[in-house]
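Reviewing the structure listed below.
The values are calculated or read from the model by the stated rules, or taken from the named source; none is laboratory data. Keep in mind the model is a prediction, meaning the values are calculated, not measured. Heads up, the Cβs are rebuilt from the backbone with ideal geometry, glycines too, and the neighbour counts pull from every protein chain shown.
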Amino acid sequence: QQKVQQSPESLIVPEGGMASLNCTSSDRNVDYFWWYRQHSGKSPKMLMSIFSNGEKEEGRFTVHLNKASLHTSLHIRDSQPSDSALYLCAARAGAKLTFGGGTRLTVRP
Amino acid sequence: DMKVTQMPRYLIKRMGENVLLECGQDMSHETMYWYRQDPGLGLQLIYISYDVDSNSEGDIPKGYRVSRKKREHFSLILDSAKTNQTSVYFCASSLSGHSDYTFGSGTRLLVI
C-alpha cells in the first residue's frame with residue numbers, strides 16, 4: 001500500500017513570511033502529484049499539480065518535484081492569514097489518488 | 001457550473017442502522033471516488049468506480065459497499081453502521097483517472 005508522508009505536521013509562519021511544505025511517496029509507480037488546500041469545514045480545493053521534474057510557479061505558490069526521490073514541496077511566499085488551512089499532498093499511481101496526512105499551516109498576523 | 005453534489009450534508013444514525021450516502025456529478029466524468037476524512041487528517045480511499053458497475057476497493061473498504069448504476073451517480077452504503085465509521089465522507093470525480101479531481105462538499109456522518 002502506497003504511503004504519502006507529509007512534513008511538518010504543523011507550521012506557523014508570520015504574515016508576509018515563506019511557508020515550505022514537504023511530501024514524499026513510497027510508490028515507484030507514482031507519476032503525478034497534486035497539492036490541495038482545505039479550509040476548516042470545507043472540501044479540498046486543488047492548488048497545483050506537477051508531473052515533470054523541476055519547478056512550477058503560480059502567483060505566490062511554487063511547487064518543486066524530484067521524480068527520482070518522489071519528493072515534492074510547496075512553497076508559499078508572502079503568506080497571508082487567509083492561507084491558514086490544512087495542506088494535503090496527493091500522489092497518483094494508475095487511477096488511484098492517495099493522500100498524505102496533511103500539514104496544518106497557521107499564518108500569524 | 002460543473003460540480004459534485006453530495007447528499008445529505010449532515011446525518012446522524014444509530015449503531016446498527018443502514019446508511020446511504022449519495023453523490024452526483026454533472027460532468028460525465030468516468031471515474032468517481034469515495035474517501036473518508038477523520039479530524040485533522042488526510043483522506044483515506046474507500047472505493048473507486050471506473051464507470052457503471054465497474055468498482056474497485058480502495059485502501060479501507062471493510063464495512064462499506066458501493067453502487068454505480070448510472071455514470072453520474074455513485075452511492076456509498078454502510079450496512080449496520082458502527083461508531084468508528086463516524087467521519088466526514090467526500091465524493092470526488094475525474095474525467096479519467098488521469099485528470100484533475102473535483103470534490104463534493106462532504107457528508108458529515110455521526111454514528112451513535
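Could you tell me whether the range B:66-77 includes any residue that is within 13 Å of chain A (Cβ to nearest Cβ) and more than 24 Å from A:Trp35 (Cα to Cα)?
No, because not a single residue in the range B:66-77 is within 13 Å of chain A (Cβ to nearest Cβ) and more than 24 Å from A:Trp35 (Cα to Cα).
Please work out if A:Gly16 is at positive phi and within 11 Å of the chain's Cα centre (by Cα).
The answer is no for A:Gly16.
Do we find that B:Gly40 is within 14 Å of chain A (Cβ to nearest Cβ) and surrounded by fewer than 17 Cβ atoms within 10 Å (Cβ to Cβ) in this structure?
In short, yes.
Pick out the one residue from B:Asp38, B:Asp100 that is free of Cβ contacts under 8 Å to residues at least 12 places away in the same chain and closer than 28 Å to A:Glu9 by Cβ.
Going through B:Asp38, B:Asp100 in turn, the sole match is B:Asp100.
Would you mention how many residues in the range B:13-33 are part of a strand (DSSP E or B) and within 26 Å of A:Cys89 (Cβ to Cβ)?
Qualifying residue count, the range B:13-33: 6.
Among the residues of the range A:51-109, write down those that are within 14 Å of another protein chain (Cβ to nearest Cβ), assigned to a strand (DSSP E or B) and small (Gly, Ala, Ser).
Those that are within 14 Å of another protein chain (Cβ to nearest Cβ), assigned to a strand (DSSP E or B) and small (Gly, Ala, Ser): A:Ala85, A:Ala90, A:Ala91, A:Ala93.
If I filter the range B:14-27 for residues that are among the β-branched types (Val, Ile, Thr), away from chain A (no Cβ under 14 Å) and farther than 26 Å from A:Ser40 by Cα, do I get at least one hit?
The answer is no, given that none of the residues of the range B:14-27 is among the β-branched types (Val, Ile, Thr), away from chain A (no Cβ under 14 Å) and farther than 26 Å from A:Ser40 by Cα.
Please go through the range A:7-49 and give me each residue that is within 24 Å of B:Arg108 (Cβ to Cβ) and of a type in the set (Lys, Arg), ordered by number.
A:Arg37, A:Lys42, A:Lys45
If you go through the range B:84-103 one residue at a time, do you hit one that is surrounded by 14 or more Cβ atoms within 10 Å (Cβ to Cβ), away from every other protein chain (no Cβ under 14 Å) and not hydroxyl-bearing (Ser, Thr, Tyr)?
yes
Within the range B:70-112, work out how many residues are small (Gly, Ala, Ser), assigned to a strand (DSSP E or B) and over 21 Å from A:Thr98 (Cβ atoms).
Final tally of qualifying residues: 1.
Mind listing just one residue for me: the one in the range A:26-50 that is within 13 Å of chain B (Cβ to nearest Cβ) and among the small types (Gly, Ala, Ser) and, of those, nearest to the chain's Cα centre (by Cα)?
For the range A:26-50, the residue satisfying everything is A:Ser49.
Take the residues in the range A:76-96 that are at pLDDT 95 or above and surrounded by fewer than 16 Cβ atoms within 10 Å (Cβ to Cβ); name whichever of them is nearest to the chain's Cα centre (by Cα).
A:Arg77
Can you confirm whether the range B:15-27 contains a residue that is charged (D, E, K, R), closer than 23 Å to A:Phe33 by Cβ and surrounded by 12 or more Cβ atoms within 10 Å (Cβ to Cβ)?
For the range B:15-27, residues charged (D, E, K, R), closer than 23 Å to A:Phe33 by Cβ and surrounded by 12 or more Cβ atoms within 10 Å (Cβ to Cβ): absent.
Would you check which residues across the range B:34-56 are at pLDDT 95 or above, more than 23 Å from A:Leu88 (Cβ to Cβ) and not in a loop (DSSP other than H, G, I, E, B) and list them?
B:Ser54, B:Asn55
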